[in-house]
Each structure stands twice: as structure tokens, then as C-alpha cells.
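Read the structure below first, then the notes.
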2 protein chains.
Amino acid sequence: MKKFEEKTVKSEKIFSGKIIDLQVDEVTLPNGKTSNRELIKHPGAVAVIPITKDNKILFVEQYRKPLEKSLIEIPAGKLDENENPIAAAVRELEEETGYTTKGLSFVTSFYTSPGFADELIHIYITDQLVKMENPPEGDDDEFVELHELTLDEAKQYVLDERIHDAKTNYAILYLHALGRM
Amino acid sequence: MKKFEEKTVKSEKIFSGKIIDLQVDEVTLPNGKTSNRELIKHPGAVAVIPITKDNKILFVEQYRKPLEKSLIEIPAGKLDENENPIAAAVRELEEETGYTTKGLSFVTSFYTSPGFADELIHIYITDQLVKMENPPEGDDDEFVELHELTLDEAKQYVLDERIHDAKTNYAILYLHALGRM
């Protein structure tokens, strides 16, 4: 859909980083006037809702520098270049939790913040976890702690704002709606 | 919570825009090594789930330059400086839909993309809409079209990816879980 399309007049690359790029586009609006759009380019991300045999959910706690605090989130990470989302989801699950999975089901995907960023996140669920003997190591600048929580415990963490991000809040609401836990 | 805290060694401001700022922080990791973090600063945002007397949901369609396509979303917008989130939610509802409300209930709030951005979005719901005779005008670079959809229609739009963003997918799942429509 291209309703109210904004045509690019000029595009200026401001920054190219290891995670995100920033560009500012000058655009023609539907009324013929011009405006600027600040755009973050992101490779996209994946997340997994991992359910254990005991009907608990695996979460990872990690420090989030933009917020200057740690959050408890479902395992997630960004896509490597040209990486298949399901492969990325398995990789992030293994690196962050030490579990692999025999099968992943797709839940949904959504843009996290379409006003300024193109990040699209794909969410999967699995209840077919297998503990790994030698899990792969993650990025050398990532430090995570594993939490196993019941759905009720996770809901309490939402109220306490220790769980406080789009993909994880969505995941908990999804499990609640599913009525399976 | 400060688990695995990353202390800032140096912070470099790269860009200061009308919506977002970008800075790169050099940080000390828990293992004593250093790394860089690319951080987007955002003023925060609000969104409203507006339910009509006929039990339909109001959505707005708008062009999202980062995606180069239009999406159908619940009414939303960023916070003005020092603006109260409830006041911002009413303002965005009025500007984007032409309806005001007698009362808003808080649903949840979450960080949209805590890996690289500090944007926090607050979501409200109302079924007390009142059509305005002279609704305020929105930003002069915003063009939106109103849609009234049943919950079933909205779910179909999720499948078609015309609805495809965190706050709106969350809203639809929330209404589904509530079982009220």
C-alpha cells in the first residue's frame, strides 16, 4: 500500500554503525510541500517464546544501555546478513538459553517502531526444548542471565516493569490468550 | 535493576533531530572489556485503542517512510516536551480521528526496541468517544485516513500485514483476550 506516498527528493546518510544506520530523507508530501524524515535502518530481529517441559517460560535478563537498566525479555537478537529468520531464532535461543529446539512455530511479526525505524521482528514459540551439552557462545559483549518463570510470575514482572518491552509483553499476552498455562 | 551494568566511558552525540537523537557510548562491560553502544533517544509515545458505540475500532492509515508503505495503526504519536501521557493520548486521538473521549483507561506501556532505543509507549483504551464539531488539526506533515473496523476485520488485516506494528498487533491481541468484541 502506497497511500499518501512520500517521494524521496534527497537522502543523506548520517551514520553507519554495527547495529543501526541513520539517514535523513527530504520528501515531497501529498500536498506538494516538503518535509524531512529521520530514518533508522535495522537488519531486523527474531524472538522466541520457549516453554519448558514443566510449563515454564525461559527469559533472559540483560542490561539495556538505552534505558540504563536491565530488563527480563524473551530470547531475541538481530538477524545476521541474509540470515533466515528461523535459523536466527534457533541460534539466539541456543546462545542465550543453552537450549535448542526440535521445532518452532511462527506466532507473528511486527514493526517495532514504524514512525522512525524499519526494524521488523519475527516471533516464534516452541515447547520442544532440548538442553544442549555444549551450547554455542553468544556475542562477546552480551551478558545474560536465564530465568524460568511461570506465566503468573511473568505477569507480575510486567506489573513491576521488570518485563517492559514490546515483544515480551506481546508474548505474555499471547500465552494468556492461548489459555495454555 | 542494574544487573550487568555497562558504565559509560565516553559519550559522543552524533545527531540531534526533530524526532530522534543518536549517540554512541563507549562502555565498560561486566568482564572489564569495552564496547560501543549505538543509542537512539526518543521522547516517548502514546497510543489509544478507540472503541465506537457500534463496537468498532478506529484506526488511522498513514505512510511510514522507513518502510516505504502505508500501515493501518491505532491512533498514536510522540510526546511533546514535558507533556503528560494522558493529555498526549487525548490530543493524538482528537487530531487523528476527530473524536474526543470522556475517559481513558491505561492498558500497558512498553519499550518498543530496548536494544537500541529508549522509546517507551503508553497504551490506553476508551469506549467513551464523542465526535467533535471542530477537531484540532494535527502536524502539517501528517496525512491520515480513518478506518472503522470490526475486530474480525482487524485480525484479517494482521494476516494481510496491512496491520503490522507492535502497538497495533498488541491492541488487537488485547481485545481478543478481553473477549469483549
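Just so it is clear, none of the values below were taken in a lab; they were calculated from the coordinates. Bear in mind that the values here come from a model prediction, so they are computed numbers and not experimental data. Here Cβ is always computed from backbone atoms with ideal geometry, including for glycine, and neighbour counts include all displayed protein chains.
Below, the figures for the structure above:
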| quantity | calculated |
| --- | --- |
| Charge context of B:PRO135, other residues only, Cβ under 10 angstrom, K/R +1, D/E -1 | -4 |
| Sparse-neighbourhood loop sites, trypsin sites (Lys or Arg not before Pro) in the range B:1-52 - DSSP loop, at most 13 other Cβ within 10 angstrom | B:LYS2, B:LYS18, B:LYS33 |
| Shielding by other protein chains, A:120-131, mean Cβ within 10 Å | 1 |
| Environment charge of B:LYS13, counting only residues whose C-beta is closer than 14 Å and scoring Lys/Arg +1, Asp/Glu -1 | -2 |
| Among B:PRO30, B:PRO75, B:PRO43: highest mean-square fluctuation, GNM of chain B, C-alpha pairs under 10 Å | B:PRO30 |
| Lys, Arg +1 and Asp, Glu -1 on Cβ, resulting dipole of the range A:45-178 about Cα centre, debye, nearest 20 | 580 |
| Under 5 Å, built H, 5+ apart or other chain: amide partners of B:ASP165 | A:TYR111 |
| Interchain or long-range residues, amide H under 5 Å from A:ILE14's placed H | A:LEU22, A:GLN23, A:VAL24 |
| Copy-to-copy label separations for A:LYS3, where each label sits 7 Å from Cα toward Cβ, in nm and ascending | 4.4 |
| Residue mean of other protein chain beta carbons inside 10 Å, B:141-148 | 3 |
| Spacing of the two label points (7 Å from each Cα toward its C-beta) at A:SER105 and A:GLU145, in nm | 3.2 |
| Under DSSP loop assignment and at most 10 Cβ neighbours within 10 Å, longest GluC sites (Glu not before Pro)-free interval of chain B | B:1-80 |
| Shielding by partners - mean other protein chain Cβ count within 10 Å, residues of B:32-41 | 5 |
| Total formal charge among the other residues, if their Cβ is under 12 angstrom from that of B:ILE74, Lys/Arg +1 and Asp/Glu -1 | -4 |
| Gaussian network model of chain B, springs between alpha carbon atoms under 10 Å - residue of B:GLY44, B:GLY17, B:GLY32 with greatest fluctuation | B:GLY32 |
| Hz values of 3J(HN,Hα) by residue in the range A:118-128 - Karplus curve (6.51, -1.76, 1.60), Gly and Pro given as x | 9, 4, 10, 10, 10, 10, 10, 9, 8, 10, 10 |
| Size of electric dipole in the range B:1-119: Cβ of Lys, Arg +1 and of Asp, Glu -1, about Cα centre, debye, nearest 20 | 300 |
| Whole-Hz ³J(HN,Hα) from phi, Karplus 6.51 cos²θ - 1.76 cosθ + 1.60, for the range B:162-171, glycine and proline x | 7, 9, 7, 9, 3, 5, 6, 4, 4, 4 |
| Computed helical MRE - 222 nm, the protein assembly as shown, DSSP H runs ≥ 4 contributing -39500 (n - 2.57), nearest 500 | -6000 deg cm²/dmol |
| For A:ALA45, distant residues with modelled amide H under 5 Å away | A:LEU79, A:LEU120, A:ILE121, A:HIS122 |
